[in-house]
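Have a look at the structure below, then the notes.
The values are calculated or read from the model by the stated rules, or taken from the named source; none is laboratory data. Computed from a prediction, not measured in an experiment: that's the story for all the values here. Cβ placement follows ideal geometry from the backbone for every residue including glycine, while neighbour counts extend to all protein chains displayed.
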Amino acid sequence: MDAVSSKGMQYTDQGRPVPAEWREDLENRVLAPLAKTTWRYFVWIGFLLAIIALAVVMYIRQLNNGLIETGMRDRISWGLYIISFVFFIGISHAGTLLSAILRVVKARWQLPVTRMAEFITVVALMVGALFPLIDLGRIDRIVNIVQYGRWQSPLVWDLLAITTYLTGSALYLYLPLIPDFALCRDRLGATTSAWKRSFFTIAAAGWKGTPGQRKALDRAMTIMMVVIIPVAVSVHTVVSWLFAMTLREPFNTTVFGAYFVAGAIFSGVAAIIILMAVLRKVLHLEDYITKNQFMALGIFLLAMSLVMVYFNLSEYVTTGYKMEAGAPFHFHDLMVGYLAPFFWGYIIGVIAPVLIIAFPPTRTIKGIVTAAVFVLVAMWLERYIIVVGGFRVPLMPYDARAYAPTFTEWAIFAGAVALFLLIISVFVKFFPMVSVWEVVEHRGPEPDESEVVHHPVTPRMEAPVAPEVA
Amino acid sequence: MKMRSLQIGACLVAVATAVLASVSGASAAGQQQATLSFTAPASATLGDQVTVQAKLTSAAGPIVKAPVQFVVPTTFLNGSGDMVVARGVTDGQGQATGTFEARSTGSLQLKVVFSGNDTYAATTATATAPMAVSGNEQLYVPDIGIRLRGLNTTPTGQATGLAHWFLSGWPIGAVLTLIWSMYAAAVFFMSRVVAEGERATETPS
């Protein structure tokens, strides 16, 4: 809760001063995109809509002609759609999870970027959930999973987990938005259109910032931040079980649950860093999203890189040591065979962030964003290896088949990426991208480099002081 | 000139091949001849456990502790090969026993294969007559893996409709109920925000 001194100076809950002009500037910067729109924005939206339109045309074509339009056949029956599904669900993972964990431990550095992280979760889930439907071929058969679904089926678990996570994430996104919607209602009410004014008024839920309202909001947020953590972990575990519970050689591993969760956090953090860099630049938030946030997320990305290296080492060493059943074929495929470019691309993408972020000269905002791009590409390749690599191992005495996505699949994938960007672009016009009230009440102005206290790793030994001689 | 080079190259390859063949021949010549005999039932019913026996001997007597594989020639789509249906290891009398389940009807031409080792050469024996498998038993088992009462087995009480649907997946249902109850609690507190706002409007300070 904010405190205001007798002289009018506001303080954060940790006693840091919040100058009135700083707060004013923060509100202006954050609310500016909600109030005015430039022609560049419409050009951007038009570009995204054009890509989506192409994807819709190709999807209708697939609907008419069937999955023969894709590169998937009986031997490799999961392709780019399932790869994209796992990829988007992975991106969705880090946002809410990161935000919730850091809120639970009362961390403060992430507050300027929590909103963006939570947005990524909701939008990536919305887009990711489309892919199983596209992969169905016959969309009308989705009803069958409800009508004839069995509890034993991981597909049913997946449906339930994603629905639960999407609902929880949307709720968790909305709750801290309430005070900011009230800010929009109060600050933009007179200048914005009538329908937008109505939207802000309804979404603000009558927020006046009374002690009773703060207490109720705090309780609601506490419940959600606690419950959303296991839900987030369960979602990607269940996604991993879609593979791990299928009788195929590369999927026969118990590590898949933890491996997928780690991979999801890894790619999710990378997505947050990239979105953070883009929105910081486009919305001119350089004073509020500073090097501090990039450094913290960069170090986290570095740690997750090492975790991924560990998981890969653990999996490949144990499986490669035994070389049971289809493992020799799969290893040959990965190391020097059909999937070698994907596999080595993935390995480079996992190790590159370590090399970029570990060394101070490249540990800059640009360096961290570059590392994040490496990670996103690597994690897409990893999903390709898992899906296609798994289906390439022959279960019977037949030749392994190749898979290459067709133009239809690429167009639909591009459409999904465009839809992801479109939803974020539209959301930027309706929701403040920084949680103003939380930053003001809990964080305050970002400390300068000179203000940041660097604790030495080992305590410095003070030189003994000679006693004064009288 | 080019043709002459090719001819010389072909001669060199032929000489090298001949040398290699003589070396491998010498290695094979060092191994003793093994003999396999094979006993299998003449007929079986679908789903039966079929026991087959093989005896592996050499001029010196029974070959002991030698692995053998019982195989059935199989074709699937455009692929074909020997499918291993059972494995065994020879005992003190050189006898090995294997058991497998008959899972397809028709005549099965069973074979036994000894892959050889440093001492004995590889050998194969085919059953004197194909084994006739008859019957029409449904071998597909719909529920595999672990069975938890109430999770994937029918609960007692014969509940019907929605109750049966819920009871048949109670653990998942319980977890979902807990999570959605917590969502409901969060929504309740959100409604308190609205109520507190209305109260503040009615009683301005």
Report task. Have a look at A:Leu166, A:Leu173, A:Leu183 and point out the one that is in contact with a Pro (Cβ under 9 Å, 6 or more places away or on another chain) and in a helix (DSSP H, G or I). Result -> A:Leu183
Report task. Can you confirm whether region A:183-198 contains a residue that is at pLDDT 90 or above, among the polar types (S, T, N, Q) and buried (at least 16 other Cβ atoms within 10 Å of the Cβ)? Result -> no
Report summary line: Per the list (1) in a helix (DSSP H, G or I); (2) within 14 Å of chain B (Cβ to nearest Cβ), residue check on A:Thr246 breaks on (1)
Report task. Would you check which residues across region A:192-207 are charged (D, E, K, R) and facing chain B (nearest Cβ under 9 Å) and list them? Result -> none
Report task. Please tell me if A:Gly189 is farther than 15 Å from B:Trp180 by Cβ, more than 7 Å from every other protein chain (Cβ to nearest Cβ) and touching a residue at least 24 places away in the same chain (Cβ under 8 Å). Result -> no
Query raised in the report: In the list A:Thr253, A:Thr210, A:Thr222, which residue meets the criterion of being within 14 Å of another protein chain (Cβ to nearest Cβ), of a type outside the set (A, V, I, L, M) and farther than 30 Å from A:Ile289 by Cβ?
Result: A:Thr210
Report summary line: The number of residues in region A:246-284 that are over 20 Å from the mean Cα position of the chain (by Cα) and of a type in the set (A, V, I, L, M, F, W, C) is 3
Query raised in the report: All but one of (1) touching a Pro at 6+ places or on another chain (Cβ under 7 Å); (2) over 26 Å from A:Ile424 (Cα atoms); (3) modelled with pLDDT under 90 hold for A:Gln293; which doesn't?
Result: (2)
Query raised in the report: Of all residues in region A:386-404 being part of a helix (DSSP H, G or I) and closer than 13 Å to A:Ile83 by Cβ, which is nearest to the other protein chains (Cβ to nearest Cβ)?
Result: A:Phe391
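If we keep just the residues of region B:86-99 that are in contact (Cβ under 8 Å) with a residue 24 or more places away in the chain and either under 11 Å from B:Gln69 (Cβ atoms) or within 14 Å of chain A (Cβ to nearest Cβ) (or both), which is surrounded by the most Cβ atoms within 10 Å (Cβ to Cβ)?
My answer is B:Ala96.
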Query raised in the report: Across region A:125-172, what is the total count of residues that are within 12 Å of chain B (Cβ to nearest Cβ), closer than 19 Å to A:Ile424 by Cα and not hydroxyl-bearing (Ser, Thr, Tyr)?
Result: 4
Report task. Give the number of residues within region A:61-103 that are without any contact (Cβ under 8 Å) to a residue 40 or more places away in the chain, in a helix (DSSP H, G or I) and not hydrophobic (A, V, I, L, M, F, W, C). Result -> 2
Report summary line: Of A:Gly46, A:Gly71, the only residue that is modelled with pLDDT of 90 or more and over 19 Å from A:Ile424 (Cβ atoms) is A:Gly71
Report summary line: Within region A:386-399, residues among the hydrophobic types (A, V, I, L, M, F, W, C) and buried (at least 16 other Cβ atoms within 10 Å of the Cβ) come out as A:Ile386, A:Val387, A:Val388, A:Phe391, A:Val393
Query raised in the report: So which helices (runs of 4 or more DSSP H) stay within region A:289-385 end to end and still have 1 or more residues that are within 26 Å of the chain's Cα centre (by Cα) and surrounded by 20 or more Cβ atoms within 10 Å (Cβ to Cβ)?
Result: A:291-322, A:340-358
Query - Filtered residue count, region A:225-243, keeping only those that are in contact with an Asp or Glu (Cβ under 8 Å, 6 or more places away or on another chain) and within 12 Å of chain B (Cβ to nearest Cβ) - result: 1
